[in-house]
Structures are given as structure tokens and as C-alpha cells.
Amino acid sequence: MWFTQRPGARRLGRPRKRAWQTLDAPTGEREIHDQPTVDMDGTYGPALPDEPTVHFVLDLALRIGEIQMASGAGASDVTATMLAVTSAYGLPHCEVDVVFTSITIACHRGTDLAPVTSVRVVRSRGVDYSRLTATEALVRRITRGKIGSTDAYAELQQISDAPHPYPRWVSTVAWGGMAASIAILIGANFAVAMLAFIVTALIDRVGRMLNRRALPFFFQQVIGGALATGIAVAIMATNLLGNNQPSLVVGAAITVLLSGLSVVGTVQDAISGYNVTAAGRSLEVALMTIGLITGVLLALKIGTQFGTATIAVADAPRGTVLGLPLKIFAGAAAATCFAVASYARMRGVLVSAAAGAVGATAHSTLLLTDIGQIMASAIAATLVGFCGGLMARRLKVTPLVVAVSGMVPLLPGLLTYRAMYQIVQHGELVLLAEALSVGLALGAGVVLGEYLAQPVRTRLGRLERKMAGPRMAGPLRPVRRRLQ
């Protein structure tokens with residue numbers, strides 16, 4: 001189908017050029033079937049599908065992008081996915097704009113017709129990695145031409161409306177298991193690990209109850225931090241676990257609360273040049289972290305007012321070579337529990353367990369060399385991102401699931417509590433700055449690892465040279481586009 005001259009219209013000289021014909025830069029990427037064609041009857045330019053089809057395809061792309069954004073995918077991944085979907089269904093000249101809380105897509109239709117533009121607001125919803133994985137599989141089928149737009153839209157609706165693959169109580173148990181694993185990882189004994197399990201499960205149930213009442217997430221973080229610290233203060237008053245063991249409970253609970261923040265997506269957006277989205281996500285992460293800090297400080301102050309001794313802080317865990325197997329097991333268990341709590345499918349859970357073991361092995365081994373926690377976290381996260389990027393797509397698992405799950409054992413929960421203790425006791429911010437640096441190193445390391453995995457995964461870097469940034473989600477191959 002081609003754009004033709006309107007009946008009865010007067011031809012003046014050569015036919016008018018389309019916008020993409022006039023502005024196309026000579027980059028050498030032009031494909032033969034995309035070049036505007038002019039014949040003796042005045043027919044020129046490729047025709048788009050009819051307008052209802054254009055609106056239908058744009059809405060399908062927007063809904064796919066919404067699921068990815070709500071799951072924590074980076075703006076570059078969302079953009080690449082939406083462009084791949086629209087191109088697969090005959091809309092090669094589209095632009096996508098992602099600004100954290102909304103997605104805009106426009107389809108250019110030449111100089112005679114106005115562009116079609118659609119907007120969709122991204123509303124926050126609980127993380128469900130099974131939904132993200134199913135969407136990834138659907139996108140692969142779309143880009144390979146194995147499913148029509150109508151069937152794809154119906155399947156996407158089923159994915160969006162599907163219930164979680166596990167009951168709610170399984171997620172609660174998984175959050176508790178993650179806290180127990182983290183407690184063992186930072187040096188706790190079995191009794192303290194079980195207490196961390198109970199405290200975290202209680203925080204999760206309270207959080208779900210507050211979420212049903214639409215309490216803002218900031219206040220949920222405040223209450224979660226206050227609950228964890230308040231219970232630890234009460235245990236401290238009974239002298240049941242010794243001086244510094246309750247701090248390990250708080251550190252494990254803080255790690256669980258920090259794991260829900262989209263650190264990887266934030267750093268990826270900043271590195272990929274999506275500064276507006278990165279700024280919005282950074283503000284969200286900072287606000288949620290401040291809420292957690294506020295809850296911890298509030299509980300400590302209340303305990304001090306009631307005459308309860310402040311919880312003594314456990315020293316940073318010092319591992320030994322003989323203790324490495326236990327730490328590796330705890331790291332794998334923590335990543336596994338996080339994947340289950342985030343409703344990942346079994347294949348994703350197994351790959352996440354391997355990523356957690358890799359991260360815990362690298363981090364614990366590097367700490368034996370006195371390299372420092374920031375550098376050890378950065379190297380371990382890079383290794384997690386590299387292994388996840390290399391193997392996840394081959395195993396048909398979204399790299400984002402593997403990267404975030406593998407990073408969980410490395411989160412600075414105990415360091416964050418030590419920073420709070422230092423603020424209360426001495427008014428110093430040194431440890432708080434170190435905790436923030438560790439978080440940034442983790443996010444940057446995971447993104448760098450995924451970037452380094454691209455040339456290895458794609459035979460001498462051919463795909464790496466075509467891509468604008470590392471892919472944590474979305475199609476593996478980018479769409480061939482001309483400069484507009």
C-alpha cells in the first residue's frame with residue numbers, strides 16, 4: 001500500500017518529499033524497502049495501517065511498557081521494547097518518551113497527516129516477576145512475527161489480570177526466610193535468625209494491612225523500621241540474646257525493607273541518559289530510605305526515653321575461609337527467598353539462587369583481603385550483573401530478575417543500622433555516607449556487568465555496538481531506525 005496523490009489535486013513540479021525522506025541523515029542504515037518510492041503516477045512514501053490499527057498497536061505498546069516500568073525496568077529497556085513492538089506491527093516511525101510516572105508514544109505519519117500520540121500513566125503496583133517474565137516471552141513472539149496484534153493484546157490482558165502464582169502467605173514466609181538468611185550472612189546464630197524471620201514476617205503482614213488502607217509507602221517504611229527496632233529494643237531489655245545480637249535482627253529487617261527499592265533501575269536510567277526518570281526514581285529511593293531511617297531513629301529515641309539501654313551495634317562481620325560455605329549458602333538462600341517473595345517462576349528462582357551464591361562468594365572472598373566494603377560490593381555486583389546478563393537470556397529468564405535477586409545479599413542493612421546508631425550517639429554521618437556509597441556501587445556494578453556481558457553474549461560485540469545502553473529487560477535485538 002502506498003500514499004497516492006489526492007484525486008483532482010494539481011501537481012506542481014516534483015512530488016513533495018515525506019518528512020523522513022527530507023530529514024534522513026546519510027548514516028548507511030537505510031534499508032531498501034524503507035526508501036520512499038516515486039512513480040510516474042505520483043505515488044510516493046510507504047503507507048501506514050489504517051488509523052484504528054495505529055491506535056490499537058500504540059495502546060498495546062503502552063500497556064507492555066507500563067508492566068515493565070511497574071516492575072522496575074529501566075527507561076531505556078522500556079523504550080527499546082515499545083519501539084520493537086510498534087515496528088513489528090508496521091509502525092516504523094515512532095518516538096517514545098518515558099518520564100517515570102507516564103509513558104508517551106507518538107507515531108509519525110508524514111507531512112499530510114498529524115502524528116498519532118498516546119499517553120499512559122504508570123501506576124504503582126506490587127512487584128510480580130512472573131508477570132514481567134510472561135510479558136518478555138510475549139514480546140519475543142511479537143518481534144519474531146509469531147503472533148498477531150489482536151491475539152497479543154488478548155494475551156497481554158490475561159497476563160495483566162492473572163493472579164499471583166503463589167498465595168500471599170508464601171510471600172510472607174519468603175520475606176521471613178530472606179531475613180533469616182541475611183542474619184546468618186552477617187554473623188547471627190540460629191536463634192537470632194529465627195527471631196529475624198518472625199519480626200520480618202510480622203512487618204510484612206502489617207505492611208499489607210496498611211497497604212489495603214492506602215497508607216503512603218513512606219509511612220509504611222517508617223512503621224517497618226520502627227517495628228524492627230522497637231522489637232529489638234524490647235529484646236535488649238530482657239537480656240535474652242546478649243548485648244549486640246538484637247542489632248543483627250534490625251540489620252536483617254532493614255535489608256528486607258531496602259530490597260524493595262529500585263536501585264538498579266535508578267542507576268541504569270542515570271547512566272543511559274534518561275535523567276528525568278532517574279531523578280524521579282532517585283527521589284523515590286531517597287524518600288523511602290529516609291522513611292526507614294526515621295522509623296529506626298524514632299524507636300531508638302523512644303527506647304532511650306523509657307530508660308532502655310541503646311542496642312549495642314555488632315561489628316562488621318569478619319569472615320574466615322572456613323566460614324565461606326555457610327555464607328555462600330546464606331547468600332543463595334536470601335536470593336531464592338527474594339525471588340519467591342517477588343513471585344518469580346521456578347526457573348527464575350533457580351537462576352536467582354545461583355546469582356546470589358555468586359555474589360555472596362565474591363563479596364565474602366574479597367572482604368578477606370581487606371579491600372573495603374565499597375570496592376568489594378562493586379566488584380561482586382559487577383560479577384552478578386555479568387553472569388546474569390550472560391546466562392539469563394539463554395535460560396529465558398529476564399536479566400532484571402537475576403540482577404536484583406543476586407544483589408540482595410549484598411545490601412548494606414547492618415551498615416545502615418550502624419550509621420543510625422552513630423548518628424544517635426555521636427551525631428556523625430560518616431557511616432551513613434558509606435552506606436549510601438555501597439548502595440550506589442551495587443547499582444552501578446550490576447549495570448556495568450550487564451554491559452560487559454553484551455560482547456561476550458553476542459559474538460565479538462556486534463550487538464553491543466548497535467545498542468544505546470545495557471538491556472535489563474525488553475527485546476535483545478534493537479530496531480533498525482533511521483534518524484528522524
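Which is over 21 Å from residue 447 (Cβ atoms), hydrophobic (A, V, I, L, M, F, W, C) and in contact (Cβ under 8 Å) with a residue 24 or more places away in the chain, of 383, 415?
Step by step, each of 383, 415 is checked, and only 415 is over 21 Å from residue 447 (Cβ atoms), hydrophobic (A, V, I, L, M, F, W, C) and in contact (Cβ under 8 Å) with a residue 24 or more places away in the chain.
What tally of residues in the stretch 433-450 results from selecting those that are in contact with a Lys or Arg (Cβ under 9 Å, 6 or more places away or on another chain) and not charged (D, E, K, R)?
1
Could you give every pair whose Cβ atoms fall below 7 Å, whose first residue belongs to the stretch 263-283 and is closer than 18 Å to residue 410 by Cα, and whose second residue is charged (D, E, K, R), counting only separations of at least 6 or pairs across chains?
265/281; 266/281
Which one of the conditions (1) in contact with a helix residue (DSSP H, G or I) (Cβ under 6 Å, 6 or more places away or on another chain); (2) over 17 Å from residue 75 (Cα atoms); (3) free of Cβ contacts under 8 Å to residues at least 60 places away in the same chain; (4) polar (S, T, N, Q) does residue 143 fail to meet, given that it meets all the rest?
(3)
Please note which helices (runs of 4 or more DSSP H) are completely contained in the stretch 353-445 and include at least 1 residues that are of a type outside the set (Lys, Arg) and in contact with a His (Cβ under 7 Å, 6 or more places away or on another chain).
The qualifying helices (runs of 4 or more DSSP H) are 373-391.
Which numbered condition trips up residue 482, out of (1) at pLDDT below 85; (2) in the same structural domain as residue 347 (by TED's automatic domain parsing); (3) in contact with an Asp or Glu (Cβ under 6 Å, 6 or more places away or on another chain)?
(2)
Note down all Cβ pairs under 9 Å where the first residue falls in the stretch 426-440 and is in the same structural domain as residue 297 (by TED's automatic domain parsing), the second is aromatic (Phe, Trp, Tyr), and they're at least six residues apart or on different chains.
Within 9 Å, the pairs are 431/421.
Can you tell me which residue in the stretch 176-202 is surrounded by the most Cβ atoms within 10 Å (Cβ to Cβ), limited to those that are of a type in the set (Gly, Ala, Ser) and out of contact with any helix residue (DSSP H, G or I) (no Cβ under 6 Å at 6 or more places or on another chain)? Give the steps one after another, and end with the answer.
Of the residues in the stretch 176-202, the ones of a type in the set (Gly, Ala, Ser) are 176-177, 179-181, 183, 187-188, 191, 193, 196, 201.
Within this subset, residues satisfying the condition of being out of contact with any helix residue (DSSP H, G or I) (no Cβ under 6 Å at 6 or more places or on another chain) are 187, 191.
Values: 187: 20, 191: 12.
Filtering the stretch 176-202 for residues that are of a type in the set (Gly, Ala, Ser) and out of contact with any helix residue (DSSP H, G or I) (no Cβ under 6 Å at 6 or more places or on another chain), the one surrounded by the most Cβ atoms within 10 Å (Cβ to Cβ) comes out as 187.
The values are calculated or read from the model by the stated rules, or taken from the named source; none is laboratory data. Note that the structure is a prediction, hence the values are computed from the model and not measured. Every residue, glycine as well, gets a Cβ built from its backbone with ideal geometry; the counts of neighbours run over all protein chains shown.
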